[in-house]
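To start, the structure itself, in structure tokens.
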Amino acid sequence: MQLIVFKDHHDLSQQAAEEIIELVKRKPGAVLCLASGSTPLLTCELLVQKARAENIDLSSCTFIGLDEWVGIPPENEGSCAYFFHNQVFKHLNFSSSHIYLFNALSDSPQQECKEMDNVIFENGGIDLMLVGVGMNGHIGFNEPGISFDLYAHVAELDETTTSVGQKYFKEATELHQGITLGLKHLLESKKVLLLANGSKKAAVIQKALEGEITNRLPASIIRRHPNSTVMIDEEAAAMLKR
Ligand code: GLP
């Protein structure tokens, strides 16, 4: 694991967007997996700007959505699907047949998970996974206590996740479950970028990077990945001791 501390959210987002562009230039058929949320928002905006400025063709890439709120339709502005459509797909030439997002309304979420696992295997695995970290140390919806050995699955959401998650919704929304790639997908991804910014993430970043590697703090798994980069700003790095 490599750690890079940037001056601010803009600088780390710029670097993350650059890494995605460089990967696509090297490998036009790359398999990308992105998280939604406040952290990667600026990365997505800068990715759109850079890809347009440099005429980057994304039509051969495969796009995998990291997670979704179970029961929340894609038209809801708090859904991960809404985020990706608005921040990424409508601005870039991803091919719709190469976009895979969890269907949060599926009658069979287990089947949905199996299909997502198959898509990843059939496409040769994830080349680049870009994730954020939740206030309780989750990655995607891999909540505290989850096994490091799971692929896609349905998760019962922690109280922290359901309350912090309200920030994505216009009105109070009942959230109970999430559907998510598993930490085994993260471990098997060829490259992982974990992003965090702001002072509110400082405590969880300190625990993830300097505490025990444990499923009680899922983000600590990033240290088990041989090709991972933690990209944080000075505020998120403020509680690191070393
Ligand atoms: C959310 C999502 C994650 C996201 C994390 C951090 O609940 N399930 O995929 O990375 O929490 O979100 P944010 O970047 O908005 O702080």
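The values are calculated or read from the model by the stated rules, or taken from the named source; none is laboratory data. Nothing here was measured: the structure is a model prediction, and the numbers come from that model. FYI the Cβ positions are ideal-geometry reconstructions off the backbone, even for glycines, and counts take in every protein chain you see. Only protein heavy atoms, including side chains, enter the accessible area calculation; ligands, DNA and RNA are left aside. Shrake-Rupley method; radii C 1.70, N 1.55, O 1.52, S 1.80 Å.
Odds and ends about this structure:
- Carbon plus sulfur fraction of accessible area for the chain, probe 1.4 Å, in percent: 48 percent
- Size of electric dipole in region 128-215: Cβ of Lys, Arg +1 and of Asp, Glu -1, about Cα centre, debye, nearest 20: 460 debye
- Cross-link pairs exceeding 24 Å between alpha carbons, from the set Lys27/Lys167; Lys27/Lys190; Lys50/Lys184: Lys27/Lys167; Lys50/Lys184.
- Bridge orientation summary for the chain: considering DSSP beta bridges with both residues in this region, about 25 percent are antiparallel.
- For the peptides 154-162, 197-205, the ranking by mean Cβ contacts within 10 Å, running from highest to lowest, is 197-205, 154-162.
- Around the Cα centre of region 2-228, unit charges on the Cβ atoms of Lys, Arg, Asp and Glu (plus for the first two, minus for the last two) sum to a dipole of about 720 debye.
- Solvent-accessible area per residue, Å², over the chain with all protein chains present [probe radius 1.4 Å]: 44 Å²
- Normalised size of region 48-167, defined as Cα radius of gyration per 2.2 N^0.38 Å with N residues, equals 1.11.
- For the chain, calculated [θ]222 nm from helices alone, where every DSSP H run of n ≥ 4 adds -39500 (n - 2.57): -9000 deg cm²/dmol
- Using a cut-off of 29 Å between Cα atoms, the listed pairs Lys7/Lys207; Lys90/Lys200; Lys25/Lys207 include Lys90/Lys200; Lys25/Lys207 as exceeding that distance.
- Long-range tail of P(r) for region 1-48 (Cα pairs > 18 Å, %): 32 percent
- Ordering Ile205, Gln166, Val154 by Cα displacement along the dipole of region 114-236 toward the positive end leaves Ile205 in first place; charges were set at the Cβ atoms of Lys, Arg (+1) and Asp, Glu (-1).
- The chain: proportion of alpha-carbon pairs further apart than 28 angstrom, %: 25 percent
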